[in-house]
Structures are given as structure tokens and as C-alpha cells.
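Encoded as C-alpha cells, the structure appears first; notes follow it.
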Amino acid sequence: MTPARASSLQLYLRLLRYVRPYWRVFAAGVFLMAIVAATEPAVPALIKPILDGGFVDKDTTLIRWAPFLLIGLAFVRAVAGFGSDYCGHWVATRVVADLRMEMFGTLVRLPTRYYDNTTTGRLISRFTFDVAQVAGAATGAITVIVKDGLSGIGLIAYLLYTNWKLTLITFAVMPLLVYVMRAFAARLRRMSVSEQAAMGDLNHVLEESIGGERVLKVFGAQAYETGRFRGAVEKVRRFAMKSNAAAAATVPLTQVILSFAVALIVYLALEQAAADKTTVGGFVAFLGAMLLLNGPLKRLAGVNQTLQRGLAAAESVFTLIDEQREADTGKRDIGRVRGEIEFRDVSFEYEGATREALTRVSFRIAPGETVAIVGASGSGKTTVANLIPRFYTPTAGTITIDGVDIQDATLESLRRNIALVSQDVVLFNDTVAANIAYGRGGEVRPEEIAAAAEAAHAAGFVRELPAGHDTLIGEDGARLSGGQRQRLAIARAFLKDAPILVLDEATSALDTESERQVQEALETLMRGRTTLVIAHRLSTIQNADRILVMDRGRIVESGRHAELLAAGGIYERLHRMQFREGEAEAVAAAS
């Protein structure tokens, strides 16, 4: 469930908790900011004695030391400014890194249903775009508020000391400034939220275009995808412009309001000078301080954009961090199981579906037995496979392994006993060896990896690769054929050596030759393991110990291959259809 929307103060206070571990560096940065701020009034404070003492009184000592005082002041400000900026950026990058790690820690523990309802592009946008915006609110805004806030206070204090009557005029416009900034803050927040959502859509279009580049080329969809991407880019640009327009309007409005106060102050100061109530140095110093005050006030007005962007991004980031993780209610470590699987009146319905995917499904698989599940698309085959490792939780009924309800088993111990080889092989942009050893706890010896590759009939093509087991295979195994990728997935299952094996249409996307090689590897892998085969091609499961036929979420037939053919039911019809398709393919190949 998405958490209730937090207030700006709650978001900011939560964000500051990520700064807390680095409070020493942050405090050093604040201290250096205070030095910069403290030296801000020193500039106009030096102007008065320099003008009055140097130009009016002709003080030679002051004339001699004035340049050194100005250089020393500039040096102190430069060193303190660099140090404060470095500390601020150091803390900001640490906060961003910590947020990304916490987000990723949540991401890998989210339930499967979350991924069903969330686009990859939106998730990537949170890790790249949104979290980068948070840095501005976490430290950048504080830097401006502390440095320019202290500078403003110092300058105002100097102005009060120099001429308190004129300074009070500045305070008269403060309520109007606060109203303007609050009015624009709400719009900035809304536009920032919309911009982040639009950036997620843009990343989604980009990810789909890259992932489907071959389909895009074959169907000549370059123009269509370019149009989709242009729409997404335009949407991001539009919200960014609205946000920037709101931010840009804040500063000039602030300056216009202040200009009235400055104009009145200059007029009154000139009258005082005409009446000999102030010196030239005093007037120039006061006017200089007023002009210097404009910079901090301008930056304080502009920080609202950074702050609102950061808060909107923080809301997005914390929404992901607060997502409900995959429920692990089990308390029992089931160790290594024998492999007996039983479904008892299991029903399941996907979120938002109009009918059940499974309805009162019951069957038992004995340890070491191979059971195949067949049926038309949408009959519930893959749902059965997804329920065993608890990717989803049944809405009714129980699933047991060795007599233990899988809801009572810890997820780690349950999944330790299951190996999965699916049609959609997932490989990583790493070496062959790393992909085979993926997920295996502890150190894996090269001999074990080589043995797994040999058992999966993968050793031959691996030896032909440029660096053997140390060859990088590219993103999702792009440098390998479909059959080679599948055999690496089988080698991964061999190395895991789990007693339960789930094969989800593992050969359905392969050509005849690749299917033969992969099928040989699978038959070796299945020996001595409890195996559930989700099959599309019936030719691959004829030797199964038992075949379950599903239709609309129910098991409607059960038996061996020959028995089901003789029964003349759904299985026989599916077999006849595939036999005809096979004949047609053979004729086409011969032609």
C-alpha cells in the first residue's frame, strides 16, 4: 500500500535523518558557511572607514593597510567558501548513495505483484532522476538557507547599527515577500511531481524501444516509436517549463518588491546626507550593505524551487522505500526436502482479474517424480509454477512440501530447495562462470562450474568462446544463441542442486536442433529430482510419469501420454493439432 501523503515538514525531517550519520562533516560545512556569512557585512563595514579616513581625513596608516585588509578578507572568504561547498557536496553524495542502497534493498524484496503493476522506466527514473533531486533539498537548500540566511542576518544587523530608522523600512515589505514565496511554493511542488512522473514515462518508452529494437526494425516502426518518444520528451519539457516559470517569477517579483524599499531608503539617506546627518562613507557603506543584501535575498527566494523539487522527489523515493515488502510469515527452516509436493483445493485470482486463474486445484507429486502440466494459453499452467516458490499466495487452499505448508516455511529455506528454468532466460552482463554460479552461496570452485557446464551440454560452446568461462556474454546473454543461453540457465540449476525443479516452457522458443540439445541437458538435470514441467510442445513430455491437463484454471484430465491419447479428450485434441502443425512445418521445410 502506498503510504499517506506526508507534509513538507515531515518529508524534510525524514530526509534530514539521512544527513545525521555525517553530522560532523555537515557541521564543519555549516561552520565554514558561518564564516562566509560573518565576513559578508565586513565588506561595507570596511568601506566607511576607508572612505572617511582615506579620502576625507587622509589617514596614511589606513591607506597603507586597506589593500591588505581587503585581500585578507577575500582569502578568508575563498577558503571558507570552498570548504563549505566541498563538505556540502560530500554529504549530498553520501545521502544519495544511502538512499539508492535503501531503495535497492526494498526493490529486490518487493512482491511479484508490485512488478506486475509498475513499469521498469518509472523505477529507473526513481533511482536516477528523483533521487538526484533529493540531494538539492537534503544539503543544497540547507547550504543556501544557512549561508545566505546568516549573511542576511549579519547585513541587517549592520544596517540596524548604521541607521536603524532606514532599516525598518526593509522589514515593512517582508510580509508581502513571504506571501509571494508561499503562493509559488505549492505550484512548484505540483509541477515537480508531474515532471517526475513524465520522466518515468519517458524512461519507459526508451526502455521498450531499446529492448524491442529488432521488432522495431522488422516492422519499420521507427517513425511510430520516434513519435512516442517525442510525446514523452515534450511532456517532460512542458512540466519543466511550468516549474521553471514559477521559479523564475519568484525572483523578479521579490526584486521588484524590494526595489520600492531600496528606492525609499536611498531617498531618505540622501536627505540625511544633505542635512549633514551622515557622512559620505556612512552613506556608501549603508547603500553597499543594502545592495549586498539583495544577493542573499534573491538566492533565498530561488531556493524554493530546489526545495520543492527535492521534496517532491523525496516523496517519490520514500514511497518506494515504504512499499510493503514480500511477506515472509514462515518461521520454519525446512532444510533439504525430499521433494513431495501437494496442492489441496488451491484457488488463486490475480489482482484486477475478472475470474480465477486456478479453481480448487488438487494434485500430488511424489519425490523424484516428473509431472507435466499442459493446456491452452491462459489455462493456469504458469500460475501453478509461480505458486510453488511463493511468488504469489493462494487465495484459498494449501500447498505443502514434504507435508509442510509452504506458508510456514521461511522464504529462504523454501526457495533454496527449488531451481527454475523458464522460457525467458535471465542472464547478466557478466562472465559465463558468474552466470552459472549466480545465487550460489559461498565460494564456488572452477571445477564445480566446469562440471555444471558439462552436465548441461554447455561445455562445448563455452570452450569455443574467446575467454572460455571468463567470457563476458553481454546484456542478457546477447552474444549467445537461444539454445546456448538456455543451457547456461540449466547449468545454473545443476550447480544449485535443488531437489525440486520447475521447468516453465523451457524449450518452447527454440528451434528443433537447439531443442534437442536442451532436452538432453534437461533429462540429465531431471534425474533424481521432483520435476514439474510446464509444457507447450507435447513431444517434450511424452515420457513424463504423469501428465495433468488444465482448462480454465481446473485440472480436467490426468494420466500418462498413451492413456490420455486413448481417452480422446482435450490432450488428444491438443496432440492432434500439434501433430498437424508439425507436418505442415516439415512440408514447408522440404519445399
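Please treat every number below as a calculation from the coordinates, not as lab data. Note that the structure is predicted; figures quoted are calculated from it, not measured. Note that we place each Cβ from the backbone using ideal geometry, even for glycine, and neighbour counts take in every protein chain shown.
Couple of notes before you dig in:
- Percent of alpha-carbon pairs separated by more than 26 Å within region 372-525: 30
- Potential extension, ARG109-ALA263 segment - 0.36 nm per residue separation minus Cα distance: 49.3 nm
- Segments 150-161, 394-405 sorted - mean Cβ within 10 Å per residue, highest first: 150-161, 394-405
- Between THR524 and ASP85, the simple spin-label model (points 7 angstrom out along Cα→Cβ) gives 6.2 nm.
- Once the Cβ-Cβ distance of ALA562 and ASP345 is raised to the sixth power relative to R0 = 30 Å, the FRET efficiency obtained is 0.55.
- FRET efficiency estimate (nearest 0.05) - Cβ-Cβ, LYS331 to ALA240, R0 56 angstrom: 0.65
- Ratio of Rg to Rh for region 440-577: 1.04 [Cα atoms; Kirkwood radius as inverse mean 1/r over pairs].
- Take each peptide in 426-438, 316-328, 12-24, count the other Cβ atoms within 10 Å of every residue, and average; sorted highest first, the result is 426-438, 316-328, 12-24.
- Taken along its principal axes, the alpha carbon cloud of region 363-438 reaches lengths of 42, 33, 26 Å, longest axis first.
- Amide H contacts under 5 Å for GLY375, placed H, 5+ residues apart: MET550
- If R0 equals 56 Å, the separation of the Cβ atoms of ALA42 and ARG355 corresponds to a calculated FRET efficiency of about 0.15.
- The ellipsoid equivalent to the alpha-carbon distribution of region 70-164 has semi-axes of 43, 15, 9 angstrom, derived from the gyration tensor eigenvalues as √(5λ) and listed largest first.
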